[in-house]
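Asks: To start, I am sharing the structure in question, which I have written as structure tokens.
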Amino acid sequence: QLAESGGGLVQAGGSLNLSCVASGTAFSLYNMAWFRQAPGKEREFVAAIAWIWSNIHYTDSVKGRFTVSRDNDKNTVYLQMNALKPEDTATYYCAAQNGPVTRDSSMSYSLWGQGTQVTVSS
């Protein structure tokens, strides 16, 4: 199971740090990702971090503003979001897959959290 936290309401230019805690074993072998979904829009890829730490990827719109990281000792993946914009407003979901993934495809991930709401006011 995955459980996200850290969402909230923030003004444009502000920061939030999302967390996703995974229960169970072998977390260090999971490929992890963050997706987001705004009302009326499809779920979109935000960032991914493979079980090999060096393999990190971001969607273009968040590069330089968001940072994904993981702490395998705590079974937790983080998404530090800086310089937030109103267009970042969405429900953010954590996803996991124990095995190969197409990192930016939601179809690749079999485990999902319930989501945490991020609202950025202008």
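The values are calculated or read from the model by the stated rules, or taken from the named source; none is laboratory data. Given the structure is predicted, the values throughout are model-derived calculations rather than measurements. Every residue, glycine among them, receives a Cβ derived from its backbone with ideal geometry; neighbour counts consider all protein chains shown. Side chains are part of the model used for accessible areas, which takes the heavy atoms of the whole protein and leaves out ligands, DNA and RNA. Shrake-Rupley method; radii C 1.70, N 1.55, O 1.52, S 1.80 Å.
Asks: Hey, what's the chain come to in accessible area per residue, 1.4 Å probe, Å²?
Replies: 52 Å²
Asks: Let me ask another. Where does each of 41, 63, 85 land when they are ordered by accessible area, with a 1.4 Å probe and the largest first?
Replies: In descending accessible area the options line up as 41, 63, 85.
Asks: Sticking with this structure for a sec: Of all the C-alpha pairs in region 1-48, what % are more than 12 Å from each other?
Replies: 74 percent
Asks: Stokes-Einstein diffusion coefficient for region 51-117 at 20 °C in a medium of 1.002 mPa s, Rh from the Kirkwood formula over Cα pairs: what value in µm²/s?
Replies: 160 µm²/s
Asks: Leaving out same-chain residues fewer than 8 places away, which lysines sit with a Cα under 24 Å from that of residue 63?
Replies: Within the straight-line cut-off, residue 63 pairs with 41, 85.
Asks: Here's a follow-up. Two decimals is fine: what is log10 I(q)/I(0) at q = 0.12, 0.13, 0.18 Å⁻¹ for the chain, from a Debye sum with one equal scatterer on every Cα and no solvent?
Replies: -0.38, -0.44, -0.86
Asks: Under a Cβ-only charge scheme (Lys and Arg +1, Asp and Glu -1), can you give me the dipole magnitude of the chain about the Cα centre, in debye to the nearest 20?
Replies: Here the chain has a charge dipole of around 60 debye.
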